[in-house]
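Undergrad: Got a structure for you, written out below as C-alpha cells; questions coming shortly.
The values are calculated or read from the model by the stated rules, or taken from the named source; none is laboratory data. Keep in mind it's a predicted model, so treat the numbers as computed, not measured. Methodologically, a virtual Cβ is constructed for each residue, glycine included, from the backbone with ideal geometry; neighbour enumeration extends over all protein chains shown.
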Amino acid sequence: MYVAGRGDTSDPTGGLFTFHRDGPEWVGRKVTAIGQLSSLAAHPRLPLLYGTSGVGTDGRMHAWRLTGDGAVLITDVASGGAEPCHVCVHPSGRLLIVANYTSGSLATWRLDEAGEPIGEAELTVLTGSGSGTDPDRQQGPHPHQVVAHRERLLVPDLGSDLIRQFRTDGTSIGDEIDARPVPAGTGPRHAAIADDGTVVVSGELAQTVVFPFRDDAAPLASTRLASVARSRPPRNYPGDLTVRGGVGYLANRGHDTIGVFSLGERPRLVAEVDSGVQWPQHLLIADDQLFIAGWDSSQVVSLPLDDAGIPGAAQVRFNCPGAAWLVTSRS
C-alpha cells in the first residue's frame, strides 16, 4: 500500500510512504519527502503512481515508477495551478488530469506508451461564478475531483455547486458539455458511481449526499449526529466517498464517522459507525476491508465489511504522518 502523508509534528514534511504486510503486522518506510502530498492514483496497467502536492500558488504533479521495494521519481512538474487536490488517470492509460482547486482549473497531460507525461500541462480554466451561499468557499469555481465515466469526465465543482461534464476520447479533454446543478450551498466534493450507473456526490458544505442525475432521489443527511464535531470543531465536513455494489461509504470529517448508504431505488442512510481515526480523509476498499486514512490521527485503519456491507470495528494497521491518500496494486 502506498500512502500520501501530509506530515505531522513528528515528520513536518511528510511524503510518499510504502507499507506491506509482514505476517499479522504492517511494516513500511518513507520513499521520498514531499511537502503536502495530497492525492495519489495508479496507472491502470503499468507499475506507475501519480500524485499532487502543494497548498500555495505553485502546485506540483509527480510520477513514480514502482519497484519491488519502493518507487523511483520520474516526473516532478508544475500542476499549472494552485492547491492541486486530486489526480485522475483515465482508464485508457493515455491521459492524466489534475484538479487545481484554488485556481479553478484542470491540468491535463497525454501519457506515452510507458505512462510518462508528455510535455507541459494543458490548462482548462473553469468559467462562471460561485453560488454565493458560502462566500469563503464559493466565490468562484473550485474543482475538487475528476472521475472518468464512460466517454465523459465528471468534475464536482465545490465553488459553483455544479457537477461539470467534459467530453473525452481517453487521450485529451474536450469541451464542457454540461454543468448539472446541485442545491445551492451543497459544496460538492467527491463523486462515486454505483454498479447501476447512479452517480452519488458528497456535499461538504451542506453535510449531505446528493444524486445530481436522479430527479427522484432527494438529498440525504450525511450523518445522524448534530453535536459539535470531535476533530477541527465546530462542524462536520463530509469528504471522500466510495461505493461497492449498491452500498456507499462517506467519510464524515469532524464527527469522524463513516456514513453507510443504500443506493438502491430509495437511497437511505442505513448505518453510521466510528471511523476509528481523526479526520478520515480517504477511503479505500480492498480484501473486504474498508481502509481509512486518518489525517489528524496519522493512522491508517481497516474496518471489516460484513455480507451486507456494514463495517465492523476499526483496527489500527499502521501509523503514517498526516495520512491523506491510499493506493494499492488493486486500487
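Undergrad: Based on what the data block shows, is residue 251 within 27 Å of residue 196 (Cα to Cα), in a loop (DSSP other than H, G, I, E, B) and touching a residue at least 40 places away in the same chain (Cβ under 8 Å)?
TA: no
Undergrad: Only one of 72, 87 is among the hydrophobic types (A, V, I, L, M, F, W, C), surrounded by fewer than 18 Cβ atoms within 10 Å (Cβ to Cβ), in contact with a Phe, Trp or Tyr (Cβ under 7 Å, 6 or more places away or on another chain) and assigned to a strand (DSSP E or B). Can you tell me which?
TA: Only one candidate qualifies: 72.
Undergrad: Shifting gears a bit: Got a sec? Which of 227, 262, 275 is of a type in the set (S, T, N, Q) and either within 28 Å of residue 13 (Cα to Cα) or in contact (Cβ under 8 Å) with a residue 40 or more places away in the chain (or both)?
TA: 275
Undergrad: Let me ask another. When you go through 125, 77, 147 one by one, which is the residue that is modelled with pLDDT of 95 or more, of a type outside the set (Asp, Glu), closer than 18 Å to residue 203 by Cβ and surrounded by fewer than 21 Cβ atoms within 10 Å (Cβ to Cβ)?
TA: Within the list 125, 77, 147, the selection yields 147.
Undergrad: Within the stretch 130-141, can one find any residue that is within 25 Å of residue 109 (Cα to Cα) and buried (at least 22 other Cβ atoms within 10 Å of the Cβ)?
TA: Yes, the stretch 130-141 has at least one match.
Undergrad: Just to be sure I understand, how many residues within the stretch 10-34 are of a type outside the set (Ser, Thr, Tyr) and either under 25 Å from residue 76 (Cβ atoms) or touching a Gly at 6+ places or on another chain (Cβ under 8 Å) (or both)?
TA: Qualifying residue count for the region: 14.
Undergrad: Next question, about the same structure. Does residue 82 qualify as being at pLDDT below 95, out of contact with any Lys or Arg (no Cβ under 6 Å at 6 or more places or on another chain) and farther than 22 Å from residue 171 by Cβ?
TA: no
Undergrad: Of all the residues that make up the stretch 193-207, how many are closer than 15 Å to residue 240 by Cβ and hydroxyl-bearing (Ser, Thr, Tyr)?
TA: The number of residues fulfilling the criteria is 1.
Undergrad: Moving to a separate point now. Out of the residues in the stretch 37-68 that are among the polar types (S, T, N, Q) and at pLDDT 95 or above, which is farthest from residue 284 (Cα to Cα)?
TA: Top of the filtered list is 53.
Undergrad: Filter the stretch 37-55 down to the residues that are among the small types (Gly, Ala, Ser) and part of a strand (DSSP E or B), then identify the one that is surrounded by the most Cβ atoms within 10 Å (Cβ to Cβ).
TA: 51
Undergrad: Same structure, new question: Just checking, how many residues over the stretch 167-188 are surrounded by 23 or more Cβ atoms within 10 Å (Cβ to Cβ) and either touching a His at 6+ places or on another chain (Cβ under 9 Å) or not polar (S, T, N, Q) (or both)?
TA: Number of matching residues: 3.
Undergrad: Within the stretch 22-36, track down each residue that is exposed (fewer than 12 other Cβ atoms within 10 Å of the Cβ) and not small (Gly, Ala, Ser).
TA: Selection gives 22, 24, 25, 27, 29.
Undergrad: Under 21 Å from residue 3 (Cβ atoms), modelled with pLDDT of 95 or more and either assigned to a loop (DSSP other than H, G, I, E, B) or touching a helix residue (DSSP H, G or I) at 6+ places or on another chain (Cβ under 8 Å) (or both): which single residue out of 231, 302 fits that description?
TA: The conditions single out 231.
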